[in-house]
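Scroll down for the structure; my scribbles are underneath it.
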Amino acid sequence: MTIGEAFRVTLFGSSHGPHVGATIEGIPVGTKIDLKKVQTAMNERKPGGKFASKRRETDEVIWEKGIENETVVGNEIRCLIPNNDAKSSDYSFLPHHPRPGHQDLVMQIKSNGEADLRGGGTSSARMTAPLVAAAALVSPILEQRGIHIEAHVSQIGDVKAEEMKRCPPRWASEECELLRCRDPNAADKMARLIEDTRANRDSIGSCVSASIQGLPIGVGEPWFDGIEPSLSRALFAIPAARGVEFGYGFGVVQMNGSTHNSPWGGTREHPIQLGEQPDGGLAGLSTGSEVRISVAFKPPSSIAKPQPTLNMESNQIEDLVVKGRHDPVLAPRAAPVVEAMCTIIIYDLCKRGGFL
């Protein structure tokens with residue numbers, strides 16, 4: 001489970017094992033690390049919030065190897081994040097009564113019955129914790145070079161947030177911070193929608209929007225490692241991601257070239273794209289304009305509402321009620337993960353292209 005070439009992150013562990021973790025390669029020896037900022041990033045992703053699973057994890061990162069005195073001292077960094085609040089009894093219905101919309105059945109068949117399905121096992125969103133830790137190590141390096149990556153919740157159900165031309169330095173309200181939404185009016189409506197959905201023992205879909213600003217022209221490798229293909233592969237790996245759009249996305253279907261194309265302006269020495277929303281990527285290469293991304297997440301499949309589904313023991317379709325602690329919506333906790341995935345890919349492509 002490895003992503004990246006010049007900057008490589010390899011995941012290990014599982015949702016209900018003793019820990020999750022990662023080995024991280026590609027950060028130069030001698031690089032200074034602010035571990036307090038790493039922990040801040042971890043706190044944004046962890047469960048236990050008002051609109052999230054009630055699983056209680058501190059998500060404190062243990063740096064087993066490669067970092068000493070907040071300095072990178074080896075070519076390989078290894079981190080562990082303990083699982084302190086896993087309740088495996090909540091999954092006593094597995095493997096005989098697999099959840100609809102979940103990986104239980106397909107993973108059971110794929111592994112010939114050997115997979116640990118508790119909490120989603122190695123397919124769990126719990127595996128995103130070490131990704132956030134890895135990204136937090138290198139995000140200051142990108143920031144120092146003027147590359148800024150930010151993600152926020154842009155839609156939950158039919159409630160859309162107004163697009164903010166300039167993101168405020170702090171969240172406008174407590175609910176904006178909890179939901180990672182920039183629009184206070186939308187955040188209030190989103191909060192009510194989530195509570196109504198949870199009261200109905202159901203879940204709801206959502207969307208995260210991300211922005212990458214400050215890239216120089218030319219970041220990306222030809223074809224399969226272009227900036228959009230590389231980001232898409234990483235973002236689709238986030239559990240429950242069901243769609244990734246760049247720029248106008250599927251809206252381009254209804255556009256003409258004359259309205260979609262962004263003319264070049266500036267000077268020969270410093271070309272820039274003109275227009276309201278210029279494309280941040282062309283032919284897999286960054287253009288110097290903002291890269292705009294949207295990631296759609298399906299409703300979480302573990303819900304307390306009865307769902308008819310196959311019972312493998314009785315060979316009959318029977319109602320399944322999933323108990324335990326589960327997210328009613330994914331975007332608020334997925335936003336830091338989208339940010340982390342973009343950071344990992346951009347750092348890797350910048351290293352490969354000689355921009356770092």
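Points to keep in mind about this one:
- Within the span defined as the range 68-76, every residue fails to be under 24 Å from the mean Cα position of the chain (by Cα), at pLDDT below 85 and either farther than 22 Å from Phe297 by Cβ or not in a helix (DSSP H, G or I) (or both).
- All of (1) over 30 Å from Glu195 (Cα atoms); (2) modelled with pLDDT under 90; (3) not hydrophobic (A, V, I, L, M, F, W, C) hold for Asp327 with one exception: (1).
- All positions within the range 250-278 that are hydroxyl-bearing (Ser, Thr, Tyr) and touching a strand residue (DSSP E or B) at 6+ places or on another chain (Cβ under 8 Å): Ser262
- Inside the range 244-291, residues that are farther than 24 Å from Ser154 by Cα and of a type outside the set (Ser, Thr, Tyr) make up a count of 18.
- Odd one out for Ala115 among (1) aliphatic (A, V, I, L, M); (2) modelled with pLDDT under 95; (3) in contact with a helix residue (DSSP H, G or I) (Cβ under 6 Å, 6 or more places away or on another chain); (4) not in a loop (DSSP other than H, G, I, E, B): (4)
- Residue in the range 278-302 that is surrounded by the most Cβ atoms within 10 Å (Cβ to Cβ), counting only those that are within 16 Å of His148 (Cα to Cα) and of a type in the set (Ser, Thr, Tyr): Ser286
Residue by residue, here is whether (1) more than 14 Å from the chain's Cα centre (by Cα); (2) closer than 22 Å to Ala296 by Cβ; (3) not aromatic (Phe, Trp, Tyr) holds:
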{"site": "Gly157", "(1), (2), (3)": "yes, yes, yes"}
{"site": "Leu178", "(1), (2), (3)": "yes, yes, yes"}
{"site": "Ala187", "(1), (2), (3)": "yes, yes, yes"}
{"site": "Gly205", "(1), (2), (3)": "yes, yes, yes"}
{"site": "Gly218", "(1), (2), (3)": "yes, no, yes"}
{"site": "Leu235", "(1), (2), (3)": "no, yes, yes"}
{"site": "Ile238", "(1), (2), (3)": "no, yes, yes"}
{"site": "Gly243", "(1), (2), (3)": "no, yes, yes"}
{"site": "Gly251", "(1), (2), (3)": "yes, yes, yes"}
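- Note on the range 7-50: residues that are under 17 Å from the mean Cα position of the chain (by Cα), outside any helix (DSSP H, G or I), modelled with pLDDT under 95 and within 23 Å of Leu356 (Cα to Cα) total 0.
- Ala151, sole failed condition from (1) more than 24 Å from Ile346 (Cβ to Cβ); (2) within 20 Å of the chain's Cα centre (by Cα): (1)
- Flag if Ala125 is aliphatic (A, V, I, L, M) and either over 30 Å from Gly284 (Cα atoms) or at pLDDT 95 or above (or both): no
- Within the range 310-342, considering residues that are part of a strand (DSSP E or B) and touching a Ser or Thr at 6+ places or on another chain (Cβ under 9 Å), the one surrounded by the most Cβ atoms within 10 Å (Cβ to Cβ): Leu320
- Scanning the range 158-181 for any residue that is modelled with pLDDT of 95 or more, out of contact with any Leu (no Cβ under 6 Å at 6 or more places or on another chain), over 30 Å from Lys305 (Cα atoms) and among the small types (Gly, Ala, Ser) turns up nothing.
- Residue that is farthest from Arg352 (Cα to Cα), among those in the range 278-309 that are β-branched (Val, Ile, Thr) and part of a loop (DSSP other than H, G, I, E, B): Ile303
- Test: residue in the range 167-178 that is in a loop (DSSP other than H, G, I, E, B), free of Cβ contacts under 8 Å to residues at least 12 places away in the same chain and touching an Asp or Glu at 6+ places or on another chain (Cβ under 9 Å): yes
- Looking at Gly284, Gly288, Gly280, just one residue is modelled with pLDDT of 95 or more and over 23 Å from Glu163 (Cβ atoms), and that residue is Gly284.
- Hits in the range 246-271 - residues which are touching a residue at least 24 places away in the same chain (Cβ under 8 Å) and more than 24 Å from Ser230 (Cβ to Cβ): none
The values are calculated or read from the model by the stated rules, or taken from the named source; none is laboratory data. This one's a predicted model, so the numbers in the text were calculated from it and none came from an experiment. Every residue, glycine among them, receives a Cβ derived from its backbone with ideal geometry; neighbour counts consider all protein chains shown.
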